[in-house]
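Comments concern the structure below.
The values are calculated or read from the model by the stated rules, or taken from the named source; none is laboratory data. Bear in mind the structure is a predicted one, so any value in this text is a computation, not a measurement. No Cβ is skipped: glycine too gets one built from the backbone with ideal geometry, and neighbour counts run over all protein chains shown. All accessible areas refer to the heavy atoms of the entire protein, side chains included, with ligands and DNA or RNA removed. Shrake-Rupley method; radii C 1.70, N 1.55, O 1.52, S 1.80 Å.
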Amino acid sequence: SFSGVVADTNEVQQEPWAEIAEGTGLNLTCLHPKIVADSTHWYRQFPHQPPQLVVTAVRGTKPVLEPAGQLWVSAERRWSRLCLSGPRRGDAAVYYCALGD
C-alpha cells in the first residue's frame, strides 16, 4: 500500500495520515484559512533525505509530473489540494505544503 504522513500546525492544517491501495488516486489537502498564500509549494521527503519540491502554483490547476497528478489552489488562495493520480509504493513519503512569496 501507499502511505504518507503530513505535518500539522496551528496556522496550516493537513491530514495527519493517508494510506491507500497502490495505484489508487489520493487527494492531500492543505488548509490555511487565516493566511492568503502568495504561492503554494508542495514538497515530499523520503527517509534520510532532504525535502524535494513537487510543485509550486499561485492559483488554479497545475499538472504535476512526479508523482503524476495535479495541484489545485483555490481562487482565494486559502487552501490547496495535491491530487496524485496513481501513486506507487515508491511515492510513500512525508508530504508538506508550504506557503511562500
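List the residues of the stretch 81-98 whose backbone N lies under 17 Å from a point placed 7 Å from the Cα of residue 68 along the Cα-to-Cβ direction.
Counting only backbone N, you get 83-92.
Rounded to the nearest 20 debye, what is the charge dipole size of the stretch 37-98 about its Cα centre when +1 sits on each Lys and Arg Cβ and -1 on each Asp and Glu Cβ? Show your work: numbers first, answer last.
Values: 8 positive and 4 negative charges, 24 e Å.
With Lys and Arg at +1 and Asp and Glu at -1, about 120 debye.
If you take the charge dipole of the chain about its Cα centre, with +1 on Lys and Arg Cβ and -1 on Asp and Glu Cβ, which of 61, 97, 16 is farthest toward its positive end?
Towards the positive end, the residue furthest out is 61.
Sorting 81, 88 by accessible area (1.4 Å probe), largest first, what list results?
On the way: 81 80, 88 130 Å².
From most exposed to least exposed: 88, 81.
For a quick size check, give me the Cα extents of the chain along its three principal axes, largest first, whole Å.
Principal-axis extents of the Cα atoms in the chain, largest first: 34, 25, 21 Å.
If you check each cysteine of the chain for another cysteine whose beta-carbon is under 4.7 Å away, which ones come up empty?
Lacking a cysteine Cβ partner under 4.7 Å: 83.
What residues of the stretch 82-101 lie in the reach of a label at residue 20, counting those whose backbone N is under 17 Å from a point 7 Å from the Cα along Cα→Cβ?
Backbone N within reach: 82-97.
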